[in-house]
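The next block holds one structure in the form of C-alpha cells; read it before the comments.
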Amino acid sequence: MTDALIIFVCASLVLVLTTFVTPRHLAAPLASMVGAVLLAILSPWGLIWLCALIGLVSSSAALGDRIGQKDLATVIVVASASASLLWLREIDTITLIGGAYFTLRNLHVMFDWWMGRYRMPSVTALLQYNLFPPTMVAGPIHRYPNFERQWQRRRTSASDMAAGAERALLGLATAVILGMWMVNEAAAPLHEAWTTNPGFLLQWTLSAFDWIELYLVFSGLSSVAIGLSLMIGLRIEENFNRPFSSANLVEFWSRWHMTLSLWCRDYVYQPIATATRSPLTGVLAAMLVLGLWHETSAYYVLWAIWQAIGIVGSRALAPLYPALPKRLERVATPLLMLGWLSLSKPVALGVLNVWG
C-alpha cells in the first residue's frame, strides 16, 4: 500500500468515529472537509485542479442552461477535463492523487445533466461528492445520485459498523497478505528466471501473476472503501463480482472493476455504438478509454485492441463452444480467460519491439 492510501484509510477511520457523534446535517460537510485537508497536504496541485474542474463543470452547465447550448458546454468540459488530466499526470513534479477518478465522476455528472436526468448539482454538492475520503484514492467510481441518496437516508447502526469493519478488514487482508505478499512470493522465482533467460512463455506466465495480483489488491482495496463507507452509514456501489467465475470475456468485463466498466458502457460504448450502428466500434472505443484511463501510452492502446478482439471473438464464438461437464467448465473457463487476458502483455510488448 502506498503511504497516501494508508493515510486516507486512517483518516477515514477517524471520520467514522467523528461522523458517528456529529449532527446529521454536518456529517457530509465534515467528510468533504477532511478530504480537502488530506488532498491539500498530499496533493496540493490535485486539490487546485479538482476545484478548477468543479468550477468548470458548474459554470459551463449554468451557461449552457442560460443560452440553450448544452451540447457546446458538454464538449468544452469533456475536452478540458480529458486534456488537463492527460497533461498533468505526465508532469513528474506534480502528484495528482485521485485525478482519474475525479475526471470520470465529474464527466458522469456532466453527461447526465446533458441528457436531462437531473439539474446540475451545486458546487458544494460536487465537492462533497468528490472529496469523500474512503473513495478518493482507489475508487469505486460511485454515481452522484446514489451518493446523494445515501447521505439523505444515512443511518448509523451497530450492525452496519460491524459489517463494514469486517468488510474492510477482509479487504485489507486480501490486498496486503494475498495480493501484495503471497502472489509476489510465488512469482519471485519466475522473476529471477526472467533476468537470466527471458522468453515469451515466461513473460506470459508473469503477466498472469500480474492479473491475479491486480485482482486481489484492487478488489481488496475496493472492499476497504466499501466497508469504511458502510461504517459511516453509506452503501456505495460494488466494484467486483467474482469476475473469474464468468462464463466468457463479455461477462468478465461486466464483473471486473464494475464501476469503471459500467461508466464506459453508459458513456462510451452505447453512444458510439448507437451513432455508428457498429457494436465493434463501440467496444473498441470503450476499451481504449478503459486502457488510457490507466495510462497514456502505446502499450495501453494495443492492450485495448487485444481486449476488444477478445470481447468480440467471445461473443461471436459463444454458440460454437462445446458443452463441457460442469466441474471441468469451472476450471477451464477461468484458466482460458486468464490466459487471454494475460497474453495481452507479451503480444503488446512484442509489437512495440518490432516497431522499435
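Please treat every number below as a calculation from the coordinates, not as lab data. Everything numeric here is computed off the predicted structure, so don't read it as measured data. Positions of Cβ are generated from backbone atoms using ideal geometry, with glycine treated the same way; all protein chains shown enter the neighbour counts.
Once each part is reduced to its C-alpha centroid, what is the distance from the stretch 121-167 to the stretch 23-38 in angstrom?
So the two Cα centres are separated by 11 Å.
Taking only DSSP H segments of four or more residues, each worth -39500 (n - 2.57), what value at 222 nm results for the chain once the sum is divided by all its residues, to the nearest 500 deg cm²/dmol?
Per the formula, -25000 deg cm²/dmol.
Pulled fully out, how much extra length does the chain show between residue 63 and residue 93, if you take 0.36 nm times their separation in residues and subtract their Cα-Cα distance?
So the extension gain works out to 7.4 nm.
Only helices at least 18 Å long along their axis, Cα-based, and averaging -0.5 or more on Kyte-Doolittle count here, so list those DSSP H runs from the chain.
Qualifying helices: 3-21, 24-42, 44-67, 70-88, 99-114, 158-173, 183-196, 200-232, 279-294, 298-317, 326-355.
So what is the relative contact order of the chain, in percent, for Cα pairs below 8 Å that sit 6 or more residues apart?
16
Could you list 109, 268 so that the one with the fewest beta carbons within 10 Å of its beta carbon is first and the one with the most is last?
Arranged by neighbour count, lowest to highest, 109, 268 become 268, 109.
Say R0 is 35 Å: what FRET efficiency, to the nearest 0.05, do residue 277 and residue 200 get from their beta-carbon distance?
With a Förster radius of 35 Å, E is 0.35.
I want to verify a result. In a Gaussian network model of the chain, Cα cutoff 10 Å, which of these has the top mean-square fluctuation: 198, 279, 145?
Result: 198 has the largest fluctuation of those listed.
Once you list every other residue whose beta carbon is under 11 Å from the beta carbon of residue 73, what net charge do they have if Lys and Arg are +1 and Asp and Glu are -1?
Net charge around residue 73: 0.
Note down the magnitude of the dipole of the chain about its Cα centre, charges +1 on Lys and Arg C-beta and -1 on Asp and Glu C-beta and zero elsewhere, to the nearest 20 debye.
Dipole about the Cα centre, nearest 20: 1120 debye.
Just subtract the alpha-carbon distance of residue 146 and residue 331 from 0.36 nm times their residue separation and send over the number in nm, one decimal.
Full extension from residue 146 to residue 331 adds 62.9 nm.
Any chance you could run the full-extension gain for residue 2 through residue 45? It's 0.36 nm times the residue separation minus the Cα-Cα distance, nm to one decimal.
Extra length available between residue 2 and residue 45 comes to 13.6 nm.
If I model a spin label as a point 7 Å beyond the Cα along the Cα-Cβ vector, how far apart are those points for residue 241 and residue 155 in nm?
2.5
Most fluctuating residue of 200, 218, 132 in a GNM of the chain with Cα springs under 10 Å: which is it?
Result: 200 has the largest fluctuation of those listed.
For the stretch 243-355, what's the relative contact order in percent, using C-alpha pairs closer than 8 Å and at least 6 residues apart?
Relative CO of the stretch 243-355 lands at 28 percent.
Starting with the fewest neighbours, write out 71, 112 ranked by other beta-carbon atoms found within 10 Å of each beta-carbon.
In increasing order of surrounding Cβ atoms, one gets 71, 112.
Apply 1/(1 + (r/R0)^6) to the Cβ-Cβ distance of residue 191 and residue 170, taking R0 = 22 Å, and write down the FRET efficiency to the nearest 0.05.
Efficiency computed from Cβ-Cβ geometry: 0.20.
Counting only C-alpha contacts under 8 Å and six or more residues apart, can you give the relative contact order of the stretch 29-166 as a whole percent?
With pairs under 8 Å counted, the relative contact order is 32 percent.
Which ordering of 160, 3 is given by a fewest-first count of other beta-carbon atoms within 10 Å?
Ordered from fewest to most neighbouring Cβ atoms within 10 Å, 160, 3 come out as 3, 160.
Tell me the label only: which of (1) 21.9; (2) 23.4; (3) 20.6 is Kirkwood radius over Cα pairs in Å as calculated from this structure?
This structure yields the entry labelled (1).
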